[in-house]
1. Within region 46-56, restricting attention to residues that are in contact (Cβ under 8 Å) with a residue 24 or more places away in the chain, outside any loop (DSSP other than H, G, I, E, B) and of a type outside the set (S, T, N, Q), which residue is surrounded by the most Cβ atoms within 10 Å (Cβ to Cβ)?
2. Within region 149-164, does at least one residue satisfy the condition of being under 14 Å from the mean Cα position of the chain (by Cα), more than 29 Å from Ala98 (Cβ to Cβ) and charged (D, E, K, R)?
3. For the structure I just gave you, tell me whether Leu144 is within 13 Å of the ligand (Cβ to nearest atom), free of Cβ contacts under 8 Å to residues at least 60 places away in the same chain and under 27 Å from Asn8 (Cβ atoms).
4. Scan region 82-109 and report the pairs whose first residue is farther than 26 Å from Gly150 by Cα and whose second residue is assigned to a strand (DSSP E or B) and more than 13 Å from the ligand (Cβ to nearest atom), with Cβ atoms within less than 8 Å and a gap of 6+ or a chain change.
5. Would you say Ala70 is exposed (fewer than 15 other Cβ atoms within 10 Å of the Cβ), under 25 Å from Ala124 (Cα atoms) and within 16 Å of the ligand (Cβ to nearest atom)?
6. All but one of (1) in a strand (DSSP E or B); (2) within 16 Å of the ligand (Cβ to nearest atom) hold for Val41, so report the exception by its number.
7. Taking region 24-45, which residues are touching a Phe, Trp or Tyr at 6+ places or on another chain (Cβ under 6 Å) and touching a residue at least 60 places away in the same chain (Cβ under 8 Å)?
Amino acid sequence: MEFTEFTNPNLEVLFSAEVIAQRIKELGAQIAAEHAGQDLVLVGVLKGSSVFHADLMRQVDLPLSIDFMAVSSYKDGTKSTGDVEILKDLSNPIREKAVIVVEDIVDTGLTLTRLLEILGSRGARSIKLASLLDKPEPRINKDLKIDYTGFVIPNKFVVGYGLDAAGRYRNLPFIAVVKDPEQI
Ligand code: 5GP
């Protein structure tokens, strides 16, 4: 399908649908190899990770379950403050389960740090983190460990493949850099 956004002059494709699919295949194989025989649950963090979550789970050749959380992170201007409100909690307990939190992008890392703290008190066998994108430059929590990373990207604002700008562009099949965020 030829998306009209391919010709949007303010978007520059960073990762094509094909490149993303190939990387997710590799991540899925790695996750499967490391979780055989475990009670695995892939927790998607709504809404940004929805596309990644849906594609990743189909590349993990193991019995598994899925669940979702929705959080709102408060921003002070454009910076994340680390205050996280749970808008939607998990539907099922994670006691004794091998949990992989599936995120779209780790930026300052503050949202995930808080989320992992919250989940950390629930008796899971293990909690790991998968993020499609890692933007290390603005990271505040330098200790945050991403177990499964799709791509490391520069400190630019990106959209597509689940990631939005003011609610738009989540449906783009590719990931693009917004050249002029003022014009989005
Ligand atoms: P942080 O790691 O700073 O706490 O926040 C991560 C969240 O900020 C992500 O889940 C995502 O919603 C948002 N975010 C960070 N960088 C970008 C970006 O480049 N593009 C988009 N669309 N959202 C971003």
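1. Result: Phe52.
2. Checking region 149-164: at least one residue is under 14 Å from the mean Cα position of the chain (by Cα), more than 29 Å from Ala98 (Cβ to Cβ) and charged (D, E, K, R).
3. no
4. These pairs meet every condition: Ser91/Asp67; Ser91/Phe68; Asn92/Val41; Asn92/Ser65; Asn92/Asp67.
5. Against the criterion (exposed (fewer than 15 other Cβ atoms within 10 Å of the Cβ), under 25 Å from Ala124 (Cα atoms) and within 16 Å of the ligand (Cβ to nearest atom)), Ala70 qualifies.
6. For Val41, the failing item is (2).
7. Leu27
For (1) surrounded by 19 or more Cβ atoms within 10 Å (Cβ to Cβ); (2) within 9 Å of the ligand (Cβ to nearest atom), each residue gets a yes or a no:
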position: Ser91; (1), (2): no, no
position: Ala98; (1), (2): yes, no
position: Leu110; (1), (2): yes, yes
position: Leu133; (1), (2): yes, yes
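The values are calculated or read from the model by the stated rules, or taken from the named source; none is laboratory data. Just so it is clear, the model here is predicted, and its values are computed rather than measured. Counting neighbours? That spans all protein chains shown, and the Cβs are built from the backbone with ideal geometry, glycine included.
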